[in-house]
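Undergrad: First, the structure itself, so that you have it in front of you.
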Amino acid sequence: MEFDKKIFVDWLRTRLKRNYSKDLKEATRHDMFDAVSAAVMDYIQTNWMATRKEYEGKNVRQLYYLSAEFLMGRALGNNLINLEIREAIGEVLEELGYTYTEIEEEEPDAGLGNGGLGRLAACFLDSLASLDYPGHGYGIRYQYGMFEQHIENGYQVEYPDNWLKHRDPWEVKRSDLAVKVSFGGTPVAEKGPNGNMVFRLENVEEITATPYDIPIVGFNTRTVNRLRLWEASSEDGFDLQLFNDMEYMRAVERQNKAENISRVLYPNDSGPSGKALRLKQQYFFTSASLQDIVNKYKRDHGSNFDDFAKYTVMQLNDTHPVVAIPELMRLLMDENGLGWDAAWDIVTQTLAYTNHTLLAEALERWPIDIFEGLIPRVYQILEEINRRFLTELRNKFPGDWQRHNRMSIIGKGMINMAWLAIVGCFSVNGVAALHSELLKNNELVDWSELYPEKFNNKTNGVTQRRWLLSANPRLSSFITKKIGSGWETDLFRLKKLEAFVDDPAVLDEFLEIKHKNKVDLAAYLKETQDIFIDPDSIFDIQIKRLHEYKRQLLNVLHIMYLYNRLISESDYNPVPRTFIFGAKAASGYRRAKSIIKLINTIADRINNDHRVRGRLRVVFVENYRVSVAEKLFPASDVSEQISTAGKEASGTGNMKFMINGAITLGTLDGANIEIVEEAGEENAVIFGLTAEEIRKIDMSHSYNPQEYISANPGLQVVLNQLIDGTYGAESSGLFHELYDSLVHGVDGQRPDVYYLLADFDAYVQAHEKICELYADRRGWAKKTLLNVARSGKFSSDRTIEEYVRDIWKLEKVHVPFPEGKKK
Ligand code: 26W
């Protein structure tokens, strides 16, 4: 885009004066961040309005991506890069006496998501805009995002993430588009305008939903799409009468209660929260979004809904917005006079569902009484959906009562949201090939027999604009120097790098880039956590949510094992290694928190033991989040992807490692399988039981961890160290529980549910293989460069094109640049 430095500086001056009554000299770094962002917003707004006009003028089919989470991270760098003014702004800031980095660091992460599912939604929005597709996000404007993690005495302690403390320069409040969402009340039947029965709710609690729009700027295009996040409030929440009676708390009670709906993101990334407030959040943003979509349709097309499905498609990100199915029925029938069949046709032609997990405990089920109490009319409709569905099922499988019971949406006092999703959506997809196969053949086999045409796979991807171009400028310019630009919007072009993998000079250059990135990370950790790490050691990194199935504990057990060997075997001299962890544990997930404490305890011991100095270090990166991830991936040598096979739906961190030139050390799980397929087996290190083997052991109930313990004295020692006081008495209770979970089983659970001990030996071998490979520097460079070259498949651009082709059926809309201007 056209950029004039002088005009820009004038803008900054005006902003600082207007917003802060300050001149350039008086501005703090944060004032500066805010002023720069506001000025950049001005550029964006022009394109944003042009995009909207283009969509409206052309009357195009639009995609709405409904998601309880959008893990956006920071926006400034991303927006500057997408507008291609990153360097120019950097220069302006230098002239004013700032570094770009210090201004960038002022921006808080928009941490409105837990992990993979939320970050995927963010990558998808980036790809949609960059590919010129009309696709928008709908979610919740949480006042507090993912909690801030502090490590105190080795323990995780959670603090609120007050990311809106300063204003958010990227959002635009749209009070003019506010809608009402009703809770509770009593459904009352009435005669509708067409003579049919409609329902009105009496005595409801009315919540105001106000949208805030955030621009999603496409790369090297004029397209700017929209992320619309809803805030909850109460119109008549303040009771002046009570206030006058000095009942100050009660005077604002209603207001507080309403605002609580969009107060905070639930920090669990699986497992039941079962909380009424969470269901309230889900219904709140889903209903508001649907009302908004219906209103827009009526503005553009009038109140004949025949073309609704032609112009509208919605993707439901997991079950969190699946209440959209009965809610859209309600809006069409009760508020727009459609009959059941017409409404059902529309619902089942516009909604599609993505499943993100196989873990039974993460499949959402709501108790009927909570659901019915909060949204009684929606529940009535749900009952009718289920009644009609069961009729269909009985006709198809007469007499097969067990099947009817298994598949009933409502049963045993609960509502099964995944079942509802499959009945009401025209598409059901998993997020990696293995995951989709397991859904089809195991978890959802009843359903794929009933609706085979609905099931499909869409392997996840990540946006290379954030995870390579922006996060790794050194590697980016290396790539552009070698193969030219174009890979930013067509990642398959990286294939051309294969031409260089036998050129020693290029390999050395590539190694040098990695080394510099490692130096940068070391400096960052020194500054933020006062930890020294050696850039000449292997940076072996596991960064993801803390969960038993992801097996951070396996990683730790191996480190303990390694430590013992380094101390006891004088002739054992492997390549120096730095093991880096980053992970948040759900606040109520006790065992996950114990594992964090264990990592920190081990790190403390090892890092202070002179006997292993220079050979082994362990780092726990505090408060892992998107902006920290952007520093870690570029500096990584080894990507730890060690989940129990069959448990990780896809993983997307694995892809970010690959495009930044790390080797995958992983199990055959999720998208790891496809990563190895692309990279070549010789360019990854794979170990452990396969999903099929695990399934067999699971079913036979024949697993006995003791066999593995007895066969491996080194493992025996490590396990004993968890309970014999080696790592301190104070936390020994916690570690004892970890020990028991592996060896005996706790609370009636089988021992070692995630097969750490069965895979331990193979994992040790895999690490030895890594050391061997790493020692051959050019050999390593070749393998990691091949990983980069073959990462094309893992762009979210590819994923989005597949969704468009198979599910969304969108057409590209090119927003023209104004006459005479190129960009
Ligand atoms: C209880 C509510 C709930 C249920 C499930 C919250 C969160 C979840 C998921 C497990 C969230 C999630 O992040 N799933 C991840 O989605 C990624 C994107 O598809 C995948 O790459 C990860 O493998 C999967 O764990």
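The values are calculated or read from the model by the stated rules, or taken from the named source; none is laboratory data. All of these numbers come straight from a predicted model, not from anything done at the bench. Reconstructed Cβ throughout: ideal geometry from the backbone, glycine too, with neighbour counts over all protein chains shown.
Undergrad: Would you tally the residues in segment 20-64 being closer than 18 Å to residue 92 by Cβ and among the polar types (S, T, N, Q)?
TA: Residues meeting the conditions: 2.
Undergrad: Same structure, new question: I'm trying to understand the selection: among the residues of segment 104-153, which are of a type in the set (Lys, Arg), within 15 Å of the ligand (Cβ to nearest atom) and over 13 Å from the mean Cα position of the chain (by Cα)?
TA: Result: no residue meets the conditions.
Undergrad: Working carefully through the options 509, 449, 453, find the one that is more than 16 Å from the ligand (Cβ to nearest atom), touching a residue at least 24 places away in the same chain (Cβ under 8 Å) and either among the acidic types (Asp, Glu) or not in a helix (DSSP H, G or I) (or both). Lay out the reasoning, then the answer.
TA: Details: 449 fails: touching a residue at least 24 places away in the same chain (Cβ under 8 Å); 453 fails: touching a residue at least 24 places away in the same chain (Cβ under 8 Å).
Only one candidate qualifies: 509.
Undergrad: When you scan segment 156-193, how many residues do you find that are farther than 22 Å from residue 281 by Cα and in contact with a strand residue (DSSP E or B) (Cβ under 9 Å, 6 or more places away or on another chain)?
TA: Count: 8.
Undergrad: So residue 225 clears everything in (1) in a loop (DSSP other than H, G, I, E, B); (2) farther than 25 Å from residue 330 by Cβ except one condition, right? Which one?
TA: Going through (1) in a loop (DSSP other than H, G, I, E, B); (2) farther than 25 Å from residue 330 by Cβ one by one, residue 225 breaks only (1).
Undergrad: Can you find a residue in segment 569-579 that is under 25 Å from residue 770 (Cα atoms), in contact (Cβ under 8 Å) with a residue 40 or more places away in the chain and among the aromatic types (Phe, Trp, Tyr)?
TA: yes
Undergrad: For segment 544-601, what are the residues that are in a loop (DSSP other than H, G, I, E, B), away from the ligand (no atom under 16 Å from the Cβ) and among the charged types (D, E, K, R)?
TA: Here is the first cut: in segment 544-601, the residues in a loop (DSSP other than H, G, I, E, B) are 544-547, 551, 569-576, 583-589.
Keeping just the survivors that are away from the ligand (no atom under 16 Å from the Cβ) gives 569-576.
569, 571, listed by residue number.
Undergrad: Tally the residues that are polar (S, T, N, Q), surrounded by 24 or more Cβ atoms within 10 Å (Cβ to Cβ) and away from the ligand (no atom under 15 Å from the Cβ), restricting the search to segment 620-651.
TA: Qualifying residue count, segment 620-651: 1.
Undergrad: Moving on. Which residue, of 382, 358, 332, is within 30 Å of residue 809 (Cα to Cα), buried (at least 22 other Cβ atoms within 10 Å of the Cβ) and at pLDDT below 95?
TA: Just one listed residue meets the conditions, 358.
Undergrad: Something else: For residues that are in a strand (DSSP E or B) and over 30 Å from residue 644 (Cα atoms), scanning just segment 348-382, find the one that is nearest to the ligand (Cβ to nearest atom).
TA: My answer is 367.
Undergrad: Of the residues 96, 164, which single one is more than 28 Å from residue 814 (Cβ to Cβ), without any contact (Cβ under 8 Å) to a residue 24 or more places away in the chain and out of contact with any Phe, Trp or Tyr (no Cβ under 7 Å at 6 or more places or on another chain)? Break it down into steps so the answer makes sense when it comes.
TA: Details: 96 fails: without any contact (Cβ under 8 Å) to a residue 24 or more places away in the chain.
None of the other options fit; the residue is 164.
Undergrad: Can you find a residue that is more than 29 Å from residue 145 (Cα to Cα), among the polar types (S, T, N, Q) and surrounded by fewer than 15 Cβ atoms within 10 Å (Cβ to Cβ) anywhere in segment 25-37? Break it down into steps so the answer makes sense when it comes.
TA: Step one: filter segment 25-37 for residues more than 29 Å from residue 145 (Cα to Cα), giving 25-26.
Now narrow it down to the ones that are among the polar types (S, T, N, Q): none.
No, segment 25-37 has no match at all.
Undergrad: Still on this structure, please answer the following. Which one is farthest from the chain's Cα centre (by Cα), of the residues in segment 480-500 that are closer than 29 Å to residue 433 by Cα and among the aliphatic types (A, V, I, L, M)? Walk me through how you get there before you give the answer.
TA: In the first step, residues of segment 480-500 are kept if they are closer than 29 Å to residue 433 by Cα; the result is 486-498.
Checking the rest, the ones that are also among the aliphatic types (A, V, I, L, M) come to 491, 494, 497.
Details: 491: 21, 494: 25, 497: 29 Å.
Per the criteria, the residue is 497.
Undergrad: Here's a follow-up. Just to be sure, is residue 51 more than 28 Å from residue 653 (Cβ to Cβ), without any contact (Cβ under 8 Å) to a residue 40 or more places away in the chain and more than 16 Å from the ligand (Cβ to nearest atom)?
TA: Values: more than 28 Å from residue 653 (Cβ to Cβ): yes; without any contact (Cβ under 8 Å) to a residue 40 or more places away in the chain: no; more than 16 Å from the ligand (Cβ to nearest atom): yes.
Considered against the rule, which asks whether it is more than 28 Å from residue 653 (Cβ to Cβ), without any contact (Cβ under 8 Å) to a residue 40 or more places away in the chain and more than 16 Å from the ligand (Cβ to nearest atom), residue 51 comes out as no.
Undergrad: At pLDDT 95 or above and closer than 20 Å to residue 463 by Cβ: does that describe residue 676?
TA: no
Undergrad: Suppose we filter 263, 250, 226, 278 for residues that are within 16 Å of the ligand (Cβ to nearest atom) and out of contact with any Ser or Thr (no Cβ under 8 Å at 6 or more places or on another chain); which single one remains? Break it down stepwise before answering.
TA: Values: 263 fails: within 16 Å of the ligand (Cβ to nearest atom); 250 fails: within 16 Å of the ligand (Cβ to nearest atom); 226 fails: within 16 Å of the ligand (Cβ to nearest atom).
Only one candidate qualifies: 278.
Undergrad: So, of the residues in segment 395-444 that are part of a loop (DSSP other than H, G, I, E, B) and small (Gly, Ala, Ser), which turns out to be farthest from the ligand (Cβ to nearest atom)?
TA: 399
Undergrad: Look through segment 44-65, keep the residues that are of a type in the set (Ser, Thr, Tyr) and surrounded by fewer than 21 Cβ atoms within 10 Å (Cβ to Cβ), and return whichever of them is nearest to residue 99 (Cα to Cα).
TA: Step by step, filter segment 44-65, then rank; the result is 46.
Undergrad: Looking only at segment 187-214, which residues are over 25 Å from residue 259 (Cβ atoms) and touching a residue at least 24 places away in the same chain (Cβ under 8 Å)?
TA: Scanning segment 187-214 gives 187, 192, 193, 194, 196, 198, 199, 200.
Undergrad: Also, quick follow-up: Among residues belonging to segment 292-321 that are part of a loop (DSSP other than H, G, I, E, B) and within 16 Å of the ligand (Cβ to nearest atom), point out the one that is surrounded by the most Cβ atoms within 10 Å (Cβ to Cβ).
TA: Looking at residues that are part of a loop (DSSP other than H, G, I, E, B) and within 16 Å of the ligand (Cβ to nearest atom), I get 321.
Undergrad: If you don't mind, another one. Considering only residues that are in contact with a strand residue (DSSP E or B) (Cβ under 9 Å, 6 or more places away or on another chain) and within 13 Å of residue 313 (Cα to Cα), which ones fall in segment 338-358?
TA: Pass one, segment 338-358, residues in contact with a strand residue (DSSP E or B) (Cβ under 9 Å, 6 or more places away or on another chain): 346, 349-356, 358.
Passing the criteria: 346, 349, 350, 351, 352, 353.
Undergrad: Another question, if that's okay. When you go through 403, 474 one by one, which is the residue that is charged (D, E, K, R) and over 28 Å from the mean Cα position of the chain (by Cα)?
TA: After applying the criteria, what remains is 403.
Undergrad: State the number of residues belonging to segment 663-682 that are more than 17 Å from residue 491 (Cα to Cα), hydrophobic (A, V, I, L, M, F, W, C) and more than 16 Å from the ligand (Cβ to nearest atom).
TA: Count: 3.
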